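Report on the structure given below.
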Amino acid sequence: MLIIDSQVHAYEANTPKRPWLNVPNRPPSATGDETVAAMGKLGIDGAIFISAFSLYGYDASYAVEVQRKHPGRFALVKPVNPDDPAVAEHIAEWKKQPGAVGIRVIVTREPGRNPSDAGLDRVLREAVRHDFPVNILCWGNLERGTALIDRHPDTRFIIDHLGILQPRTLPAPPEPWAELPKVLDLARHKNAVIKVSGACTLSKEPYPFPDIWDPLARLFDAWGFERCLWGTDWTRAFAVVNYEQAVKPFLETERLSDSERAMLMGGACAKAYGWSPAKRYG
């Protein structure tokens with residue numbers, strides 16, 4: 001079974017060479033080399049490397065360095081700035097970047113973007129022009145995220161983190177799956193797939209997080225396994241679950257058949273991004 005993690009965030013230590021924009025509750029470093037080593041121990045063949053917006057903003061230079069060193073292990077997604085007048089040119093340049101497979105927009109409550117935002121329109125038109133899927137982070141703001149997907153039916157969207165706001169620290173919120181009905185309704189949009197990333201952070205029970213499977217079963221029924229992309233969200237989820245804890249429940253659960261597991265943990269991701277690791281890694 002080919003295993004592809006649909007969302008990882010590697011980064012260097014905080015240094016003047018490449019300073020962090022803020023200091024999160026993450027390990028002091030999680031470099032590309034360290035991430036590859038961790039993936040190897042767990043049998044993960046490759047990953048979609050999402051340049052860490054909270055640390056580096058719209059600068060994806062570290063992700064590019066890592067992919068250049070490990071081209072068979074990582075494909076790249078870069079966050080883009082809808083307020084940048086030159087964003088169309090930046091997307092065109094990103095298309096030329098080896099390993100680039102998509103772009104990302106952030107439509108959480110904090111930016112307060114309207115779905116008819118001219119900058120977002122420009123970004124999503126360019127994504128279609130360059131055949132890029134668009135990762136959309138809209139947790140905590142599903143209504144606006146849904147309106148944006150409605151507004152751009154020709155754009156391929158990949159919904160980050162189940163569309164559900166996830167905790168950065170323990171404990172889980174009192175009703176972690178309260179937004180699930182809205183997420184299930186989103187499945188009617190045929191131009192969208194969804195990342196089952198960070199799911200373990202929504203558990204109110206200890207590892208191996210048995211209470212995630214009933215809500216996930218509803219998600220799989222609504223979306224279909226071919227539209228669900230497993231991922232760990234390493235390293236953002238570090239303070240809640242470690243890397244191994246985010247992987248093994250999906251490998252070991254009896255709630256998935258072999259074919260469902262293969263699609264969820266690799267097949268759907270390869271299809272959505274048009275990318276697979278160069279070869280099988282141990």
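All of the numbers you see were taken from the coordinates with simple rules; none came from a lab. Treat the numbers as computed from the prediction; the structure is a model and nothing was measured. Cβ: placed from backbone, ideal geometry, glycine included. Neighbour counts: every protein chain shown.
Values computed for the structure shown
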{"quantity": "Inter-label distance, nm, simple model (7 Å from Cα along the C-beta direction), Glu244/Ser61", "calculated": "3.6"}
{"quantity": "Ranking of Ile91, Ile44 by count of other Cβ atoms within 10 Å, fewest first", "calculated": "Ile91, Ile44"}
{"quantity": "Förster radius 51 Å - calculated FRET efficiency between Thr15 and Asp185, Cβ distance, rounded to 0.05", "calculated": "0.70"}
{"quantity": "Whole-angstrom gap from the range 188-210 to the range 20-62, using each part's C-alpha centre", "calculated": "20"}
{"quantity": "For peptides 204-215, 114-125, sequence by mean Cβ density within 10 Å, most packed first", "calculated": "114-125, 204-215"}
{"quantity": "Difference of contour (0.36 nm per residue) and Cα-Cα distance, Glu254 to Leu2", "calculated": "88.9 nm"}
{"quantity": "222 nm mean residue ellipticity, helices alone, for the chain (DSSP H n ≥ 4; -39,500 (n - 2.57); rounded to 500)", "calculated": "-9500 deg cm²/dmol"}
{"quantity": "Proxy reagent accessibility, fewest Cβ within 10 Å first, across Asp221, Asp160, Asp258", "calculated": "Asp258, Asp221, Asp160"}
{"quantity": "Share of alpha-carbon pairs per 10 Å distance bin for the chain, given as whole %", "calculated": "7, 31, 39, 21, 2, 0"}
{"quantity": "Scaled radius of gyration (Cα, divided by 2.2 N^0.38 Å) that the range 110-199 gives", "calculated": "1.11"}
{"quantity": "Fewest-first sequence of Thr169, Thr31, Thr155 by Cβ atoms within 10 Å of each Cβ", "calculated": "Thr169, Thr31, Thr155"}
